[in-house]
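The values are calculated or read from the model by the stated rules, or taken from the named source; none is laboratory data. Given the structure is predicted, the values throughout are model-derived calculations rather than measurements. Cβ atoms come from the backbone with ideal geometry, glycine included; neighbour counts cover every protein chain shown.
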Amino acid sequence: MRLVLSDVDAGGLAATVSLLRPQTETLIVSCDVSNADNVEDLAKATYDRFGSCHLLFNNAGVGTAGPIWTATLDDWKWTFGINVMGVVHGLRSFVPRMLKQGENSHIVNTASAAIAIAARVSPAKRS
């Protein structure tokens, strides 16, 4: 299998790469999924190197701690930019290429587990 691995966190990306077998053919690309140009560069690099993409794992997710109503506007922009727009950018950059290659391809979109977690607040603390 040939892998393209991408992350905005260079240290985390390096740790992931270190887990791979040495013979695994990889392309490592730094990418901020909240940035459409970064994701387009990732797609271009993928196709330039390997000529196709059969499995796209759009996997990025973040969340802020505490009740959502205490999150700042910057927190919301950051979370939305990664959890929602990251998926949008991945789909827009990869799907047209995947369709053009004319081969079976699959996409898995995942985000933060924060979507399934609700902050519990006691009635006395709801201010």
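Yes or no, residue by residue, for (1) among the polar types (S, T, N, Q); (2) touching a strand residue (DSSP E or B) at 6+ places or on another chain (Cβ under 7 Å); (3) part of a strand (DSSP E or B):
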residue: Leu13; (1), (2), (3): no, yes, no
residue: Ile28; (1), (2), (3): no, yes, yes
residue: Asp41; (1), (2), (3): no, no, no
residue: Phe94; (1), (2), (3): no, yes, no
residue: Leu99; (1), (2), (3): no, no, no
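Tell me, which residue of region 51-65 that is at pLDDT 95 or above and in a loop (DSSP other than H, G, I, E, B) is nearest to Val108 (Cα to Cα)?
Here the answer is His54.
Pick from region 10-43 the residues that are of a type in the set (Asp, Glu) and closer than 17 Å to Arg97 by Cβ: which of them is surrounded by the fewest Cβ atoms within 10 Å (Cβ to Cβ)?
Asp37
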